[in-house]
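The values are calculated or read from the model by the stated rules, or taken from the named source; none is laboratory data. As the structure is a computational prediction, the values presented were derived from the model and not from experiment. FYI the Cβ positions are ideal-geometry reconstructions off the backbone, even for glycines, and counts take in every protein chain you see.
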Amino acid sequence: MALLDVAADAVAYCAETRLRIGLVCLYEVVVTVAINVIGQVYVDGAATAHGRIADLPLPDVRFGYTPVELHDLYASMGPVARRNYILFELFDIFPYMPAYVLLLSTLITAGYMRLRRPVSLLAYLPFLSVIADLIENSAHIFTAHAFMPQQSLRDMNWLLAAYTGAAANELKWVTLVASVGVLLVTWLRVLLLAPPSHLKAN
């Protein structure tokens with residue numbers, strides 16, 4: 001509970017002023033650009049150099065996948081791209097995940113502050129997305145590191161990790177879409193019902 005309290009306090013702190021909200025948005029933009037560049041250059045670029053022909057997007061940006069699809073993707077990547085993909089997933093875990101969960105929760109919380117109402121627990125729904133994302137990325141790191149072209153689909157540990165990652169992937173997208181829905185509804189209520197803003201400039 002202490003960790004959740006710290007997270008809630010951090011979100012409330014960021015939502016208190018326009019400057020802090022702006023800095024959170026800027027951080028999200030920076031890490032989004034960075035993660036896309038890393039993916040394009042070090043993962044897709046290395047896979048293309050290996051001779052990948054199939055247009056298979058990374059599992060992170062898909063909604064669900066099968067172990068066979070994951071196996072085929074890893075096989076087409078080659079060893080360098082698989083190694084780089086592990087580093088890509090680590091970047092996703094550390095700078096990127098905190099950015100998007102903080103952004104969504106901050107914007108939802110700021111909406112409730114504008115409405116002058118207690119912050120709903122729905123403001124913390126993005127944290128469920130990031131937990132699912134963390135499980136998904138951990139599964140990807142394991143399956144990429146342990147990948148063996150001729151054996152992985154017969155390895156029960158590898159298959160279990162692949163299925164776990166796929167289930168976490170779907171939960172991530174469902175909760176992320178729900179979080180965006182909460183954000184849109186909250187700010188629609190702000191536009192229609194909110195009294196004049198009391199947010200400080202800094």
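Restricting to the stretch 84-125, what's the tally of residues that are part of a helix (DSSP H, G or I), closer than 24 Å to L193 by Cα and in contact (Cβ under 8 Å) with a residue 12 or more places away in the chain?
17
Looking at T48, is it polar (S, T, N, Q), out of contact with any helix residue (DSSP H, G or I) (no Cβ under 6 Å at 6 or more places or on another chain) and under 18 Å from A144 (Cα atoms)?
yes
Might you let me know whether the stretch 102-120 holds any residue that is under 14 Å from the mean Cα position of the chain (by Cα), of a type in the set (F, W, Y) and buried (at least 17 other Cβ atoms within 10 Å of the Cβ)?
No, the stretch 102-120 contains no residue that is under 14 Å from the mean Cα position of the chain (by Cα), of a type in the set (F, W, Y) and buried (at least 17 other Cβ atoms within 10 Å of the Cβ).
Could you grab me the full set of residues in the stretch 11-25 that are surrounded by fewer than 17 Cβ atoms within 10 Å (Cβ to Cβ) and either farther than 13 Å from V119 by Cβ or polar (S, T, N, Q) (or both)?
Scanning the stretch 11-25 gives T17, R18, L19, G22, L23, C25.
Would you mention how many residues in the stretch 139-156 are free of Cβ contacts under 8 Å to residues at least 12 places away in the same chain and either of a type in the set (S, T, N, Q) or crowded, with 17+ Cβ neighbours inside 10 Å (or both)?
Total meeting the criteria: 2.
With respect to V68, determine if the residue is modelled with pLDDT of 95 or more and over 16 Å from the mean Cα position of the chain (by Cα).
yes
Determine if the stretch 32-42 includes at least one residue that is surrounded by 12 or more Cβ atoms within 10 Å (Cβ to Cβ), small (G, A, S), outside any loop (DSSP other than H, G, I, E, B) and out of contact with any strand residue (DSSP E or B) (no Cβ under 9 Å at 6 or more places or on another chain).
Within the stretch 32-42, one or more residues are surrounded by 12 or more Cβ atoms within 10 Å (Cβ to Cβ), small (G, A, S), outside any loop (DSSP other than H, G, I, E, B) and out of contact with any strand residue (DSSP E or B) (no Cβ under 9 Å at 6 or more places or on another chain).
List pairs: first residue in the stretch 69-83 and farther than 18 Å from Y163 by Cα, second residue of a type in the set (D, E, K, R) and part of a loop (DSSP other than H, G, I, E, B) anywhere in the structure, Cβ distance under 9 angstrom, at least six positions apart or on different chains.
Pairs that qualify, where the first residue is farther than 18 Å from Y163 by Cα and the partner is of a type in the set (D, E, K, R) and part of a loop (DSSP other than H, G, I, E, B), are S76/R52; M77/R52; G78/R52; A81/R52.
Restricting attention to the stretch 43-65, and to residues there that are aliphatic (A, V, I, L, M), surrounded by 14 or more Cβ atoms within 10 Å (Cβ to Cβ) and part of a helix (DSSP H, G or I), which single residue is modelled with the highest pLDDT?
Checked the stretch 43-65; the qualifying residue modelled with the highest pLDDT is V43.
Return the pairs, sorted by first residue and then second, in which the second residue is surrounded by 17 or more Cβ atoms within 10 Å (Cβ to Cβ), the first residue lies in the stretch 182-195 and is among the polar types (S, T, N, Q), the beta carbons are less than 6 Å apart, and the residues are 6+ apart or on different chains.
Partner pairs satisfying both residue conditions: T186/I108; T186/G111.
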